[in-house]
1. Does B:GLU97 qualify as being at negative phi, modelled with pLDDT under 90 and either of a type in the set (Ser, Thr, Tyr) or assigned to a loop (DSSP other than H, G, I, E, B) (or both)?
2. Name the single residue, out of those in the stretch B:1-30 being in contact (Cβ under 8 Å) with a residue 40 or more places away in the chain and among the hydroxyl-bearing types (Ser, Thr, Tyr), that is nearest to B:ALA299 (Cα to Cα).
3. Any residue at all in the stretch A:486-496 that is part of a strand (DSSP E or B) and out of contact with any Gly (no Cβ under 7 Å at 6 or more places or on another chain)?
4. Working carefully through the options A:VAL625, A:VAL610, A:VAL640, find the one that is at pLDDT 75 or above, under 23 Å from A:VAL496 (Cα atoms) and facing chain B (nearest Cβ under 8 Å).
5. Give the residue, chosen from A:GLU298, A:GLU325, that is more than 42 Å from the chain's Cα centre (by Cα) and under 15 Å from A:ALA399 (Cα atoms).
6. Go through (1) at positive phi; (2) surrounded by fewer than 11 Cβ atoms within 10 Å (Cβ to Cβ) and name the single condition B:PHE20 misses.
Amino acid sequence: MNVMTYLSFTVLSIVIQFCVMDFIQEKLQADDDPALLNVSQKESLHQILKNISHKPHALYYRTQTRSLKSASSRIPNISSALVTLGTTEATTALFDVLYDDNTTDSDVTSTTEMYFTSTDYDNITEITFFDNKKNKSSNSPPFSTKPKTSSTNHCACNLLYKVCDINCCCDQDCSDSEHNIFQCSNIAKANHNEPEIDGCVSHLFDERKYGGTTLDNLLCIVKTNLPVKRNIQKFDQLSVDQYYKWRCDDPKFTSYEFRKTLYNFSDPVWLLKNETIYYLDFPTPSVNNYCTDREPIEFLKQKQSRCNVKIKDLEMFNILKTSEEAMVISATEKTANSSLMNCSNLHCINWTILVCDNGLCQNYNKSTDEVTCIEDICTNVALKIDYEFYYQEFKIINATIKLYVENISSSLPFMSQEINVNFYIANKSIDLILQLSGNPGYIEGLPVIVSYAKNNHTELFYNNTLAYKSNMVFPDNKNGLCDMTHTSSNIVKFGVNKRTKCLYVHPYEGVPKPDICNTIQSDINKLLKLHKNVSISPYGNPRDLSDNLWLNLEINIEKQEPVYGQFNDKSLKLHCYNLITRLSLIFMYASVDENAYRGQNKILSVKYEVAANNHSFYVEDISIVTTIDIIFMDVTKPSVYEYAGSPHLNIYLPRDFFFPFPPNTSAHMSTTCLMILLCCVIVFFANKITLE
Amino acid sequence: MGLYTLFSYNVEVQFKSCLFSKAMLFTLFLTILTLILPFVVANKSRGFWLRTQKFYEQPNIHFTYEYLLVAESDDPSYSIVCNSMKGLVGSNLRNEEHCTEFQVHEHDVNSDGKVDLLDFKYYLDIPKERTITSIALILMLDFQLKTICPLHMQSLAVINREFVTPPSAFKYLGDLQFYQISHLPCKPNMINTKYNNSILFNYAKNGHNNIVDSILDTYFMREVSTLINTLYSRNQNGQTGSMQVQASVRVPEMEIRYTPSLMQELKWAWPQYLSLAAVFYWIFNKIRIFVFFNRLFMARRIVPWKKQSWK
């Protein structure tokens, strides 16, 4: 109880301090000796501001504001209309200036001069609270309603020079009669009747929001520690950089210059053409899929670009032209000291252009491999181009361009071309170099290593130089049709879940043979690689793996229902039953720690599934869509995360333990709980009632 | 030297009366008012009972490998339909071979065991005489909430796009959103499996409507569903004879509204009631003190330090 009393007194004292004292102070001022009114406004303001300057707190009682107001309101020469405006704004300005920590005395002087020499505050210039001898305006004549000359009096609406502006009451070009027409006296009266703006509230953003008159007896913030915005006398030219402004940056442009030094990483690959050196570039997309930009081919940077072009802008034409005219050069020791740039001072090599068709690559022959268009079919068009640079002994020793040619339709307005740039530090072709898919665990996106041999998988892998044989390759989809080539891009890659489809078309043979369905199935089996067993390496690097560690995927389609067919002469329809058209490969892998290697992706198991269906064909069109599904399942993590349930205790009670209450009924139980709770409340409140 | 109060205790003065008396009636009346009035005030000032509650959870999302992609060409009779179920579309649509490749990736970016990003890539082969005018991609997702309101349902992610000019690629980036038209019932220890059935797989074709519209109509009638909020999408112009459709769908935390349980209601209402009841108890206690000390009702006053003669 005592604590409550103390708290009450404390609150009461605060209330007195904030509310009652305000009243008392006003009262005291009202009771001031009238002789004090004769004290000049300069002295009174100076006294107030002196007190404030002793303790320049951010917060101050509104009573001081009022005293300031009172002081200014006692200025005899201030007209009533300007008192309203001048008192509020000038007081604010004065406080702002005085509370500006960064403003020195000289700043104050100059600022006040700036403020007070403005015509709007001519009258307030007389309120000088510093003994500023420079401020001569204190001797200026007191304010009078008599208009001043237009050259000194500020009038915002006086826009017509030496002509009276309509409704501009301060325009001295207007005569009194015109002022009467404008009803200037009414406007001045209306301004005079405006409610007085509280100097404290004017600091707030929205008076209504913060309660308006409620704030009268509360504290308000006059000064904050926000960055100084008003001190424009300290204007710094460098501050311009702190503002956002229109950009005039030049677009990024990197100039390349042949420095006659050995190749460094990311240097452009240089070409020599008639003693002129320039760098090699290739097309890239810029803001859309069209090849609108070109980028230099940079040394040892693997790059890939895929963009659309019109047939006349195909990069292969540019390449063939470049390869004829220019040679790839590498700077040597002699280059740095020579001014003449030719092959005597540089290491020059000619391009090796290979044309790859259906997995077979051969040197480009201009007469036979030139692009030719007959009707709307263009042959020998390369939409995929590989740059291969071989670097050895500080110079590029081989530059090969592989053009993967195909036949395309010229009726298409655009072609999608793919360009790959690869660098190898080797002296033999990448086709002869063994490529691993991880070391030892698989890396996502690299081919799964397989072996079609019966045994000695690891040995054969390391002895095998033809990479495609160690990859699992499925047919490509070319214009919807299954296209099985050695260079098919439909390779099983680790971690890539995909479904591919293509149309198998059986050649028309007239009246179908009795075993045509088996023939179709046999062809499809070859497409789906169901005709031979395959072993899969559990690691991307099968080093030291014995045969029993390879995962054997024994494809036994013999277990499936036998394929058989039936030909209907009348409808010319062929019915094939139990035809396998879909293969699904399911790889299960996990991130495991193997010996010293941590977190290596290891294929734990491989499963295949086939789906057999019945199909009907017209004999003229025996075609069927084949589907290959590949999925990689990470069994490291559980397929579904289950959260642990809340802990509970199994207590076995007799059946009639809660006899009065209905068992196993949650609704009734909750009602019972509610009733018990209510009873407890009643007992709690009624415990004072004693019925003794 | 002043004295300080070091310890104090209250002396209880009791007022006793018989069962059937005005004082008893008055006491009962005030007690009932003390109990009832806080409830009335709390209830009338609104917000006493918790009508709705929400929580945030990142669901477990998995692609169920059921999908339907319909790429319509400038010729309405020619469409490329890629779907996971043979029986979903009729056998007349023989352009399945143009669905060259479909890649799916589920990414757990922050390794918390939940899929954060779903990546879908379609490669379509477009016949040279046809151009694609629109695509409709319907993906089936397995949606699971685990924490407060266990929910397991099969939902759809639908992406639709019309092309003014022949496209060569379409890139779509969006966020999966949980959409509900009513509150989840949220029964404890009970998984809501009302919508845990495959829309695509169990779809029975209505002879009057096309498949895509029928699926959307069925899905539209659900109380709880998912939709994709398009953040960015862009298509590349130019007829190249092929088309790549790439859709990346993020799985963010989702806001789920549910009906609170009884205990949650009470937990919310109890502090409101108690705070008001304390005030009313204090007021009515003052009234009691005034009434009994001024002997407005007949009751025996028992002061501990006086010997009781009536016993």
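The values are calculated or read from the model by the stated rules, or taken from the named source; none is laboratory data. In this text, all values refer to a predicted model and were calculated from it rather than measured experimentally. Ideal geometry is used to build each Cβ from the backbone, glycine not excepted, and the neighbour counts take in all protein chains shown.
1. Values: at negative phi: yes; modelled with pLDDT under 90: yes; either of a type in the set (Ser, Thr, Tyr) or assigned to a loop (DSSP other than H, G, I, E, B) (or both): no.
Considered against the rule, which asks whether it is at negative phi, modelled with pLDDT under 90 and either of a type in the set (Ser, Thr, Tyr) or assigned to a loop (DSSP other than H, G, I, E, B) (or both), B:GLU97 comes out as no.
2. B:SER17
3. Of all residues in the stretch A:486-496, those part of a strand (DSSP E or B) come to A:491, A:493.
Now drop any that are not out of contact with any Gly (no Cβ under 7 Å at 6 or more places or on another chain), which leaves A:491.
Within the stretch A:486-496 (the criterion being part of a strand (DSSP E or B) and out of contact with any Gly (no Cβ under 7 Å at 6 or more places or on another chain)), the answer is yes, since at least one residue qualifies.
4. Values: A:VAL610 fails: facing chain B (nearest Cβ under 8 Å); A:VAL640 fails: at pLDDT 75 or above.
It is A:VAL625.
5. Values: A:GLU298 fails: more than 42 Å from the chain's Cα centre (by Cα).
Every option except A:GLU325 fails the conditions.
6. (1)
Rundown of residues vs (1) outside any strand (DSSP E or B); (2) in contact (Cβ under 8 Å) with a residue 60 or more places away in the chain; (3) within 22 Å of A:ASN477 (Cα to Cα), yes/no style:
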position: A:ARG582; (1), (2), (3): no, no, yes
position: A:ILE586; (1), (2), (3): no, no, yes
position: A:SER591; (1), (2), (3): no, yes, no
position: A:LYS602; (1), (2), (3): no, yes, no
position: A:TYR608; (1), (2), (3): no, no, yes
position: A:SER616; (1), (2), (3): no, no, no
position: A:ILE631; (1), (2), (3): no, yes, yes
position: A:LYS637; (1), (2), (3): yes, no, no
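Quick grid of which residues meet (1) modelled with pLDDT of 55 or more; (2) assigned to a loop (DSSP other than H, G, I, E, B); (3) over 30 Å from A:THR224 (Cβ atoms):
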| position | (1), (2), (3) |
| --- | --- |
| A:LEU159 | yes, yes, yes |
| A:ASP165 | yes, yes, yes |
| A:CYS169 | yes, yes, yes |
| A:ILE181 | yes, no, yes |
| A:ILE187 | yes, no, yes |
| A:ILE197 | no, yes, no |
| A:GLU207 | no, yes, no |
